[in-house]
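Notes for the one structure printed next.
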Amino acid sequence: MLSGTVAHTLTLMSGVWHDHVEVFDLAGNPLAEDVHSGTPGAAPWDNLVYIEFDGEHYRQTNVTFKGRPLHVRSFAGQLIDGVLIFNKLGPEAPEHIGVSGGAGVLFFCPRAVDEAWQRYSEPDCIRLIGPGQRTRTTVLYRNGVAVRTLTAYGTKVAPLADRRVSWDPRGPDGPVHNLPSETQVFRSLVDDAMSPDTM
């Protein structure tokens, strides 16, 4: 497996990570509330991040365990022609892909900028910065305007993600991954107005 490819970096990322997540306004001031994201809440917070990659199929589950109430989100994707293609993230969600920025660097981003990405876009840059260390940095756009940044500092706590760690707030037993989560952030305002929750 060639160093620097998406597949190689995903293989290095596999395992369980403890991410400490902080958010900032555009000037770099820390925020105590992340009001604009698809999962708003207090900041900073901590996640367990379970990542599995078998050379073709990718699965990821984030489990919030500190700073916010317990929350679980799962994602899945498949490597096609060397590029990670995520499963559809929710109603009207555009294609979301994982591409390489060189050895130890991945971008999770849109393949094409369309109307849905005007409503919500948060491209990720993930860097492996040393043995068992990584960062994840994003810029969040709402309605086409940048509103905040985010940086997660990750430490690998287990080499495999085939079972829950003992201090997972869900308990040590049970499946690691849930069914893939659906987000509503890409839906148009017309859809929102017609949804049962707003009628």
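Taking the chain as a Gaussian network, where each spring joins two C-alpha atoms under 10 Å apart, which residue of 94, 110, 131 fluctuates the most?
131
Under a point spin-label approximation (7 Å from Cα along Cα-to-Cβ), what is the residue 57-residue 147 distance to one decimal in nm?
3.5
As a check on your grasp of the helix formula, calculate [θ] at 222 nm for the chain: sum -39500 (n - 2.57) over DSSP H runs of n ≥ 4, divide by the residue count, round to the nearest 500. Spell out each step's value before the answer.
On the way: 3 runs with 19 residues, N = 199.
So the helix-based figure for the chain works out to -2000 deg cm²/dmol.
For the pair residue 167 and residue 124, how long in nm is the line joining their label points, each one 7 Å along Cα→Cβ?
Inter-label distance under the simple model: 2.2 nm.
Using Cα centres only, tell me the gap between the stretch 158-174 and the stretch 5-77 in whole Å.
16
Return the Cα extents of the chain along principal axes one, two and three, sorted largest first, each rounded to a whole Å.
47, 37, 37
Once you have the Cα-Cα distance between residue 88 and residue 139, take 0.36 nm times their residue separation minus that, and quote the gain in nm to one decimal. Working shown, then result.
Values: separation 51, 0.36 × 51 = 18.36 nm, distance 2.08 nm.
So the extension gain works out to 16.3 nm.
How do 136, 111 line up, fewest other C-beta atoms within 10 Å first?
Details: 136 19, 111 13.
Ascending number of Cβ neighbours within 10 Å: 111, 136.
Figure the gain on full extension for residue 71 and residue 29 (residue separation times 0.36 nm, minus the Cα-Cα span) and round it to one decimal in nm.
Details: separation 42, 0.36 × 42 = 15.12 nm, distance 2.56 nm.
So the chain would gain 12.6 nm between residue 71 and residue 29.
Less than 18 Å from a label point 7 Å out along the Cα-to-Cβ axis of residue 22: which backbone N atoms in the stretch 54-77 qualify, by residue?
Under cut-off, by backbone N: 66-68.
How far apart, in nm, are the 7 Å Cα→Cβ label points at residue 179 and residue 36?
Output for this residue pair reads 3.2 nm.
We did not get these values from a lab; they are worked out from the coordinates using the rules stated. Predicted model only: the values in this text are computed from it and were never measured. Cβ sites come from the backbone with ideal geometry, for glycine too, and all protein chains shown count toward neighbours.
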